[in-house]
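Below is one structure, written out as structure tokens, with a few remarks after it.
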Amino acid sequence: MASEPIRDPANDHLLTPQNAAFIVIDYQPVQVNSIASMDRQLLINNIVGASKAAVAYDLPIVHSTVNVKTGLNKPPIPQLRAALEGYPTYDRTSINSWEDVEFRKAVEATGRKKLIMTALWTEACLTFPALDALKAGYEVYVVVDAVGGTSVAAHEAALRRIEQAGGQMISVAQLFCELQRDWARSA
């Protein structure tokens with residue numbers, strides 16, 4: 001019962017705590033309450049769980065909100081704020097977070113080329129930055145059970161579009177296991 005030695009975690013083809021960044025976009029009350037592609041409580045549980053994993057594995061985290069400073073929208077849901085306490089948010093007015101200078105610079109500053117992306121809504125605030133990140137040379141991993149759309153059709157079409165552009169679909173459980181890789185490993 002011997003595990004292989006840990007591969008170079010910075011250059012591993014799989015996700016590792018040393019080669020990936022976690023991106024969280026627009027988990028705000030209006031967006032959460034308009035989700036119709038999955039059970040909202042399950043969505044909340046999954047994004048909070050994925051966020052807690054990102055914190056536990058010490059991934060760089062880039063957290064973006066839309067229109068909080070303008071007063072048009074509220075801050076992120078309390079469960080997510082608690083999970084990401086101490087991490088800054090990058091507020092913007094653009095639908096596509098990649099078109100916000102501070103957000104894009106924060107992603108670039110992580111130095112990571114593998115982006116684990118989560119956002120509401122799948123059909124806009126996830127799709128647009130995911131496509132732009134892919135075009136900019138990043139690998140994009142969408143946590144499909146921690147994202148949601150305004151309908152099942154809109155959600156599924158958006159996931160297909162990202163996947164056809166080269167994005168990869170993963171689940172929350174897959175994210176946990178891929179970051180851990182071996183129960184005997186502590187790092």
Neighbours by Cβ (under 8 Å, 6+ apart or cross-chain): first from region 148-159, at pLDDT below 95; second part of a helix (DSSP H, G or I) and of a type outside the set (A, V, I, L, M, F, W, C):
none
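If I go through region 52-85 residue by residue, how many of them are closer than 23 Å to residue 16 by Cβ and either part of a loop (DSSP other than H, G, I, E, B) or free of Cβ contacts under 8 Å to residues at least 60 places away in the same chain (or both)?
In the first step, residues of region 52-85 are kept if they are closer than 23 Å to residue 16 by Cβ; the result is 52-63, 83-84.
Now narrow it down to the ones that are either part of a loop (DSSP other than H, G, I, E, B) or free of Cβ contacts under 8 Å to residues at least 60 places away in the same chain (or both): 52, 55-63, 83-84.
Of the residues in region 52-85, 12 are closer than 23 Å to residue 16 by Cβ and either part of a loop (DSSP other than H, G, I, E, B) or free of Cβ contacts under 8 Å to residues at least 60 places away in the same chain (or both).
Determine whether residue 159 is under 25 Å from residue 41 (Cβ atoms) and within 16 Å of the chain's Cα centre (by Cα).
Working: under 25 Å from residue 41 (Cβ atoms): yes; within 16 Å of the chain's Cα centre (by Cα): yes.
Considered against the rule, which asks whether it is under 25 Å from residue 41 (Cβ atoms) and within 16 Å of the chain's Cα centre (by Cα), residue 159 comes out as yes.
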(1) within 17 Å of the chain's Cα centre (by Cα); (2) farther than 28 Å from residue 11 by Cβ; (3) basic (Lys, Arg) all hold for residue 74 apart from (1)
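Restricting to region 67-83, and then to whatever is closer than 13 Å to residue 32 by Cβ and out of contact with any helix residue (DSSP H, G or I) (no Cβ under 7 Å at 6 or more places or on another chain), can you tell me which residue is surrounded by the most Cβ atoms within 10 Å (Cβ to Cβ)?
Within region 67-83, the first condition is being closer than 13 Å to residue 32 by Cβ, and the residues that meet it are 73-81.
Now restrict to residues that are out of contact with any helix residue (DSSP H, G or I) (no Cβ under 7 Å at 6 or more places or on another chain): 76, 78, 81.
Working: 76: 24, 78: 10, 81: 14.
Here the answer is 76.
Suppose the filter is closer than 17 Å to residue 44 by Cβ and part of a helix (DSSP H, G or I); does residue 132 pass it? Working first, answer last.
Numbers: closer than 17 Å to residue 44 by Cβ: no; part of a helix (DSSP H, G or I): yes.
In short, no.
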Based on this model, can you work out whether residue 9 counts as surrounded by 14 or more Cβ atoms within 10 Å (Cβ to Cβ), at pLDDT below 95 and within 30 Å of residue 137 (Cβ to Cβ)?
yes
Mind listing whichever residues of region 160-176 are part of a helix (DSSP H, G or I) and either at pLDDT below 95 or surrounded by 14 or more Cβ atoms within 10 Å (Cβ to Cβ) (or both)?
161, 162, 163, 172, 174, 175, 176
Of 48, 32, the only residue that is touching a Lys or Arg at 6+ places or on another chain (Cβ under 7 Å), at pLDDT 95 or above and either farther than 18 Å from residue 103 by Cβ or part of a loop (DSSP other than H, G, I, E, B) (or both) is 32
Could you please tell me which pairs satisfy a Cβ distance under 8 Å, a separation of 6+ or placement on different chains, a first residue in region 103-117 that is over 14 Å from residue 90 (Cα atoms) and at pLDDT 95 or above, and a second residue that is among the hydroxyl-bearing types (Ser, Thr, Tyr) and assigned to a loop (DSSP other than H, G, I, E, B)?
113/138; 114/138; 115/138
Residue 22 buried (at least 19 other Cβ atoms within 10 Å of the Cβ), touching a residue at least 12 places away in the same chain (Cβ under 8 Å), within 15 Å of the chain's Cα centre (by Cα) and in a strand (DSSP E or B)
yes
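The values are calculated or read from the model by the stated rules, or taken from the named source; none is laboratory data. Predicted model only: the values in this text are computed from it and were never measured. We place every Cβ from the backbone using ideal geometry, glycine too, and count neighbours over all the protein chains shown.
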